[in-house]
Each structure stands twice: as C-alpha cells, then as structure tokens.
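Asks: The structure follows.
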Amino acid sequence: AVTEVAQPETFNVVADTASPVRPEDRQALAEFQQKVAKLYRALSGSINTANDTRTRLRAIKRALTETPTADVKLAKTADELEVQVNEFLRIARGDQVLAQRNENVPASINERVQNIMSGERQAIQRPTRTHMDNYTIAAEEFAGELAKLRKIVDIDLRDLEKKMEDAGAPWTPGRLPEWKE
C-alpha cells in the first residue's frame, strides 16, 4: 500500500557561492561529459563485441578440426583473426598479462576514459586540460581500432563463416546455417 505522507514542496537549487560557476563553464562541462559518455558507450560495446568474436573464433577453430573437407587455410585464417581480436583487446583495455606480472603498461583507451569519468563525475568547473587531452588521445586511438574491429567482424569473419558453410562445417555460434533439400 502506498500512503501519502506529506504534500509536495517547492524549492530552488542554487550553485555553491563559495566557488562561483559561470554558465558557459557549466555548459562546457555538460558537453564534455556527453562526449565522454558517447565514447564510453562505443568503447564498452566494442570490447564486448571483441570478446564475443573471440568466443566465436574458438568455436570456429573447433568446428574446423571436425570438418575433413575444410581447407587448412581456413584454420589459419581463424588463427589470424583471433590474433587481431586479441590485439584490439590489448589496446582497448590494456595488456592484462603484463599487468598481472606487475609490469608497467601504457595507458589503454579504456583506462583513459575511466580516468576521465571518475575525475569529471562530480565536477562543477570546466573539464581540465588533462582530461580533454586524454579524451583526444582515447578518441583518436579508438577510431582507428574500431575500424579494424569492424573489418574483422563485418567482413573477415563473415567470409570465413561462408567458406565454412560451403565446406559443410558444423554449426558455430553466430552463424545461421543454410539448408536446401
């Protein structure tokens, strides 16, 4: 049961007067936070896509070992695609193998974006120059890496799966089999 406890109250929200914020600074902050949010959405989606693609490639490699009519070049292609996906993941989220060994690793795209988000989460001033520079670096790196991942997923993987279908390979996740009577 829902019981109304009190009547609605009106109130005014005002900025902290101890550190005055100009409207243009507030606008710049909001615009920057929206840009970072868009980058984060695309980055996290591409990392998940890369992880899914890696899982698909593992299944493809298993299926190819069970397909005697498959050209041996298909397995080599699957291996090459897996290397490329792993390289994307290394650049996007960092070298996890080196990090586990307490080695210094360069900042990944994801690390840069996470640092910006944590620093800007409760900000009330313009974004810092460091955050804007990190955004520029992350966005430029990501644009190039996303294009590579898109080619792997949209072109190379589909081509490999088509050749597997032609060879009569067992079904693999993400691939709709063809059937004719």
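The values are calculated or read from the model by the stated rules, or taken from the named source; none is laboratory data. What you see is a predicted model; the values in this text were computed from it and never measured. FYI the Cβ positions are ideal-geometry reconstructions off the backbone, even for glycines, and counts take in every protein chain you see. Quick note on the areas: whole protein, heavy atoms, side chains included, nothing else; ligands and nucleic acids left out. Shrake-Rupley method; radii C 1.70, N 1.55, O 1.52, S 1.80 Å.
Asks: When only residues in the range 91-113 that are within 17 Å of Ser46 (Cβ to Cβ) and charged (D, E, K, R) count, which is surrounded by the fewest Cβ atoms within 10 Å (Cβ to Cβ)?
Replies: Glu111
Asks: Among the residues of the range 94-123, which ones are more than 30 Å from Gln34 (Cβ to Cβ) and among the aliphatic types (A, V, I, L, M)?
Replies: Val97, Leu98, Ala99, listed by residue number.
Residue-by-condition table, conditions (1) of a type in the set (S, T, N, Q); (2) in a helix (DSSP H, G or I); (3) in contact with a helix residue (DSSP H, G or I) (Cβ under 6 Å, 6 or more places away or on another chain):
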{"residue": "Asn86", "(1), (2), (3)": "yes, yes, no"}
{"residue": "Val105", "(1), (2), (3)": "no, no, yes"}
{"residue": "Ser118", "(1), (2), (3)": "yes, yes, no"}
{"residue": "Asp133", "(1), (2), (3)": "no, yes, no"}
{"residue": "Thr172", "(1), (2), (3)": "yes, no, yes"}
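Asks: OK, next. Checking the condition modelled with pLDDT under 95, under 26 Å from the mean Cα position of the chain (by Cα) and part of a helix (DSSP H, G or I), which residue from Leu81, Leu98 passes?
Replies: The unique qualifying residue is Leu98.
Asks: Is it true that some residue in the range 55-68 is in contact with a helix residue (DSSP H, G or I) (Cβ under 8 Å, 6 or more places away or on another chain) and open to solvent by 100 Å² or more (accessible area, probe 1.4 Å)?
Replies: yes
Asks: Look at the range 69-90 and say how many of its residues are open to solvent by 90 Å² or more (accessible area, probe 1.4 Å), farther than 29 Å from Gln33 by Cα and either in contact with a Ser or Thr (Cβ under 7 Å, 6 or more places away or on another chain) or without any contact (Cβ under 8 Å) to a residue 24 or more places away in the chain (or both).
Replies: Qualifying residue count for the region: 4.
Asks: I would also like to ask the following. Tell me which residues, restricted to the range 126-157, are β-branched (Val, Ile, Thr), under 30 Å from Ile60 (Cα atoms) and exposed (fewer than 13 other Cβ atoms within 10 Å of the Cβ).
Replies: Ile155
Asks: A further question on this structure: Against the definition (in a helix (DSSP H, G or I) and open to solvent by less than 60 Å² (accessible area, probe 1.4 Å)), how does Ala15 come out, yes or no?
Replies: no
Asks: Taking the condition of being closer than 15 Å to Glu80 by Cα and hydrophobic (A, V, I, L, M, F, W, C), how many residues in the range 143-181 meet it?
Replies: 6
Asks: When Thr136 is evaluated against the numbered criteria (1) of a type in the set (Val, Ile, Thr); (2) closer than 30 Å to Arg54 by Cβ; (3) touching a residue at least 60 places away in the same chain (Cβ under 8 Å), which criterion, by number, is the only one it fails?
Replies: The number of the failed condition is (3).
Asks: Based on what the data block shows, is Gly174 surrounded by 12 or more Cβ atoms within 10 Å (Cβ to Cβ) and at positive phi?
Replies: Numbers: surrounded by 12 or more Cβ atoms within 10 Å (Cβ to Cβ): yes; at positive phi: yes.
Yes.
Asks: Pairs under 9 Å by beta carbon, first residue over 16 Å from Met132 (Cβ atoms) in the range 13-39, partner among the charged types (D, E, K, R) and part of a helix (DSSP H, G or I), six or more apart or different chains?
Replies: Every condition considered, the pairs that remain are Ala15/Arg26.
Asks: Let me ask you something else. Pick from the range 31-54 the residues that are closer than 17 Å to Asn115 by Cα and of a type in the set (A, V, I, L, M, F, W, C): which of them is surrounded by the fewest Cβ atoms within 10 Å (Cβ to Cβ)?
Replies: Only one residue fits best here, namely Ala37.
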